[in-house]
Each structure stands twice: as structure tokens, then as C-alpha cells.
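A.B. asks: My questions all concern the structure below.
The values are calculated or read from the model by the stated rules, or taken from the named source; none is laboratory data. Quantities reported herein were computed from a predicted structural model and do not represent experimental measurements. Please note: Cβ atoms are built from the backbone with ideal geometry, for glycine as well, and neighbour counts cover all protein chains shown. Side chains included, ligands, DNA and RNA excluded: accessible areas come from the protein's heavy atoms. Shrake-Rupley method; radii C 1.70, N 1.55, O 1.52, S 1.80 Å.
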Amino acid sequence: MPMRPFRARRTAALGTAALAATMLLTACSSGGTASKDAADGKVTLTIDLFGTFGFKETGLYDEYMKAHPNITIKQSDTQDEAQYWQALQTKLAGGGGVADIQGLEVGRVASVVQKQADKFTDLKTVGIGDVNDGLVGWKGAAIKTADGKVLGAGTDVGPEAICYRTDLFKAAGLPTDRTELAAKWSTWQGYLELGKQYAAKAQPGNAWTDSAAGMFTAEVGQQKVRYSDEGGKPVYETSPAVKTAWEDSTKLVADGLSAKLPQWTPEWNKAFSTGKFATLSCPAWMIGYIKGQAGDASAGKWDIAAGPGKTGNWGGSYLAIPRTAKHPKEAAELIKWLTAKEQQVKLFTKQGSFPSSTAAQAEIKSVQDPYFNNAPIGQIFSESAAAMPAQVLGTDDGVIGKAFTDALGEVERTNTAPATAWQHALDNVKKANGN
């Protein structure tokens, strides 16, 4: 899902291109070392991911393979991270079927570090133990074990904003200026209030936002402590962050503001182009996803504004090498290149994946995106990232988050009472943990 050219970036873009060219020349001169089991010296590297990392869409694989003619890269992907994670667990338990490189979502890394360190390669043993040195501090720390093993390389982070449809806002008589909207929905209560104004004049069948799950995930993602405290103790039952996000999200449903679309489903994907909802809780990586689903016909209909609280983090990922990978050395070389500053800059300018590299962050602050009405995405997401405290990551964050968003789906689609759905969420967390 490539991004269109952006304004006011010609000098920086030329600099980035020069750096990339230098890297390519260096890579061509040194070349990758083929695995011993490849008789002809050629290696096929497999990469298994979830969602849209953007490596393929921005041409990075092609660029790397051109510089390394002995390497062929084959990617498989699953849009729904929960399905991806379940499949990965099955492969890891069976000891086979894993790729040379596996993606890991930030909500899973504490579990990997504390429970599955023996399933993944310590990147220090394959020569890239320093791969996270230039990233924001918490990003590298989260994937490092207590005894110093580095189990993955950081890719992006997920600072939050709100993406919205300007054409639908105009039709409902709402303002479309991103600064004015950011002021109106500076709080989640303001966001809900503006949603009620929208719903009063919107076309039938068109909702304020896609789902309660999206709002919940964005709101709970603004807090340092969510599902576990700093000592690792689960606190999701009493967490103020979780309770407040739950109450706001169920109010969204009660006020008729949700399109009731389960995220990552075919019907959700189709809704991006058919205009079933007017706003979307929007981490930076969602930009590329919107473009891929809405397509060229929707260019200029979408815009981006700072969201409630002007901060938050939703998602962000790592690349890891399973212990049973066939080509760990070549995988390490590719990971180091994909996560380097130059590639992180390119991924943001073309795809919207916000860099975890501090040097890359310094280079993208003036980026604008024509697809989103020249929204200053570099500025919006940089400010969101800068205001976000380092989140406490628990071993069961992924499980807990899914339990609550699934329960909100019950409230939306089966009219389950919020209190009953809340209890279902708690029960499902306990069941997932064998209790």
C-alpha cells in the first residue's frame, strides 16, 4: 500500500536516496553468505508476518534482492494478528513450519521474553546484538531477557491520531479542518459528543466510527499502566484505564455511533471504500492499511487530525528468528537492513509506519501525505509519540486485550448487557490462562 509523493521533502528525500544507494553499493560489494545447505549458493528466506508491515509494498524486498542476487525473499501474511499468533504457537510447539523470520506484535513480546526465550534466536549469536541500539529506549528493552538475550529487532511504533472522511463530514454539516476537529475532540467525551452531532445528520447506514473495539484499544493505549502493573501483577479487573475505556466504548454503542464492524474482517475491509463509517482510531501504521482497502478512488476523501489526548500507542512490532530457522545468518543480515534508519524513513514516507529509530524520527517530522489532503503526518504522529509514556507490558497483554474487544463485539452485535459482557471478558482471560 504505497504512499504518494509528499511536499516539502525534496532535499531530505534526496539525502535518504543517497544513503540508500550507498548502502546498496556496500551490500553489493560484501554480499550475503549463502547457507551451507544451499548447493548452488542461493538461499530462499521465508518471512511470516501479520497485518501490513510495508516491506513488500514499498519495494524493500526487491531492493534487497537486487543487491543480494543469491537471496530470494518469500513473504506470507495473516491480516488478523490473533489468528497469526495462534498459528505461530502451534508451529513453535511442534518444532516445524516456522519461517526464517517471524513478526512479533508488541503486546506479545513480554510473553516471548519471559515464557518462550528458548524458542527464538539470541540476535547476539548471529552478529546483530546491537540492532536496537538506536531505537527509543523502551523498544529495545522490551525484547531483551533478564540475562541479556536480544530476541528481536524493533520495527515501528504506533502513535495514535484520528483518521476521518472529509466528504462525509461535509455532508453532515461538520467542520473538516483538522485543527478545529482536534480541539473539538480533545477528550474522548468530546469525540462522543461530536459523534452524536454527526449521527443526527448522517445518511442512514453510515456510522460515526467502525467499532467499539477500535475506540477501546486506542483509549486504553494512552495509559502507562493498562493490564499489568510495573511488578508484572495483572490489574485488568481494577485498572482505571481499562474501566474508563470500557465505559466510553459501551456508551459509543448505546448512542448508536458504531458501525458494529469486527476489525480485520472482509466486511470491515470493504467498508473503507463504501463509506460505512466516518472516523477511525488511527495508529500510524493504519495509514497504509486505509490506502490498501480504500484504494485510489478515495484519495483526498480522508484526512488525519490529532486525537483525544493527542497521544497514545497502539501496536508496533519486532522481527525475530526462531531457533529452528533454516537460514539464521541470512535472516539476521536482512533484519538488520530492514530495520535500519534509512529503511524506517522510507517506510514512513511511503507507508505510514512510524519509526522506532530516533534518528529516523528526526528526519520525518515535515512529511505530508497527499492521499490524506496533505495532512502533516510527520508532525501529528511525532507529537503523539513524544507525549506517550513507556507502557508497562505484561505477559498476557494480547490475550487480555482480545478478551475485552471480543466482549465489546458482544455488546454491539448481540445486544449483550455491558456488565454481562465485562464478566465474559474476565472469564475468557482466566480460561485462556487455564483457570
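A.B. asks: If you average the C-alpha positions of segment 189-265 and of segment 79-112 separately, how far apart do those two centres end up, in angstrom?
C.D. replies: 27
A.B. asks: Continuing with this model, one more query. What value in Å³ per residue do you get for the convex hull of the alpha-carbon atoms in segment 222-326?
C.D. replies: 177
A.B. asks: Right, here's the next one. If you plug each phi of segment 257-270 into the Karplus form 6.51 cos²θ - 1.76 cosθ + 1.60 with θ = phi - 60°, what whole-Hz ³J(HN,Hα) values come out, in order, with x for Gly and Pro?
C.D. replies: For segment 257-270, the Karplus curve yields 9, 9, 6, 6, 9, x, 5, 6, 9, x, 5, 5, 4, 5 Hz.
A.B. asks: Between beta-carbons, use under 13 Å as the cut-off and find the net charge around Asp167, counting Lys and Arg +1, Asp and Glu -1.
C.D. replies: Here the count lands on +2.
A.B. asks: Here's something else I'd like to know. What number does the chain give for Rg over Rh if you use C-alpha atoms and the Kirkwood radius?
C.D. replies: Answer for the chain: 0.97.
A.B. asks: Further question: What residues qualify as long-range amide H neighbours of Thr416, i.e. H under 5 Å apart, gap of 5 or more or another chain, H built at 1.01 Å from N?
C.D. replies: Under 5 Å from the amide H of Thr416: Val411.
A.B. asks: Would you mind giving the average projected area, over all directions, of the Cα convex hull of segment 327-387 in nm² with one decimal?
C.D. replies: Seen from a random direction, the Cα hull of segment 327-387 projects 4.6 nm² on average.
A.B. asks: Looking at the chain, what % of its DSSP beta bridges pair antiparallel, to the nearest 5?
C.D. replies: Beta bridges within the chain, antiparallel portion: roughly 65 percent.
A.B. asks: Pick from Phe348, Phe50, Phe381: which residue has the top mean-square fluctuation in a GNM of the chain where Cα pairs under 10 Å get a spring?
C.D. replies: Top of the fluctuation ranking is Phe50.
A.B. asks: Please list the three semi-axes, largest first and in whole Å, of the ellipsoid equivalent to segment 162-269, using sqrt of 5 times the eigenvalues of its alpha carbon gyration tensor.
C.D. replies: Gyration-tensor ellipsoid for segment 162-269: 28, 16, 12 Å.
A.B. asks: Now, a different point. Using only alpha carbon pairs under 8 Å that are at least six residues apart, calculate the relative contact order of the chain and give it in whole percent.
C.D. replies: Relative CO of the chain lands at 27 percent.
A.B. asks: Another one. Can you check what the net charge comes to around Leu194, using other residues whose Cβ is under 15 Å from the Cβ of Leu194 (Lys, Arg +1; Asp, Glu -1)?
C.D. replies: +1
A.B. asks: So what's the angle, to the nearest 10 degrees on a 0 to 90 scale, between helix 328-338 and the longest Cα principal axis of the chain?
C.D. replies: With rounding to tens, the tilt is 50 degrees.
A.B. asks: Rank Thr238, Thr217, Thr324 by mean-square fluctuation in a GNM of the chain with C-alpha springs under 10 angstrom and give only the top-ranked residue.
C.D. replies: Thr238
A.B. asks: Give the Debye-formula value of log10 I(q)/I(0) at each listed q (0.13, 0.18 Å⁻¹), with one equal scatterer per alpha carbon of segment 37-145, two decimals each.
C.D. replies: For the requested q values the scattering log ratios are -0.60, -1.16.
A.B. asks: Which of the lysines could a cross-linker bridge to Lys119, judged by Cα under 23 Å and excluding same-chain residues fewer than eight apart?
C.D. replies: In chain and number order, the partners are Lys36, Lys74, Lys91, Lys139, Lys144, Lys149, Lys326, Lys329, Lys336.
A.B. asks: May I have the pair-distance distribution P(r) for segment 91-244, computed from all Cα-Cα distances with 5 Å bins from 0 and rounded to whole percent?
C.D. replies: Going out from 0 Å in 5 Å bins, segment 91-244 shows 1, 7, 13, 15, 13, 11, 11, 9, 8, 7, 4, 1, 0 percent.
A.B. asks: Ok, one more. Which Rg and Dmax, in Å, describe the Cα atoms of segment 279-435?
C.D. replies: Gyration radius and largest Cα-Cα distance of segment 279-435: 19.1, 53 Å.
A.B. asks: Based on the Cα gyration tensor of segment 53-105, what are the three equivalent ellipsoid semi-axes, each the root of five times an eigenvalue, rounded to whole Å and given largest first?
C.D. replies: 25, 14, 6
A.B. asks: Next question, about the same structure. Against the empirical 2.2 N^0.38 Å scaling, what ratio does the C-alpha Rg of segment 300-339 come to?
C.D. replies: Here the answer is 2.00, to two decimals.
A.B. asks: Probe radius 1.4 Å, ligands and nucleic acids left out: which of Asp130, Asp167 has the largest accessible area, and how do the rest follow?
C.D. replies: Result of the area sort, largest leading: Asp130, Asp167.
A.B. asks: Whole angstrom only: what separates the Cα centroid of segment 271-337 from the Cα centroid of segment 359-435?
C.D. replies: 13
A.B. asks: Right, here's the next one. How much accessible surface area, in Å² rounded to 10, belongs to the heavy atoms of Thr420 with a 1.4 Å probe?
C.D. replies: Here the residue's solvent-accessible area equals roughly 60 Å².
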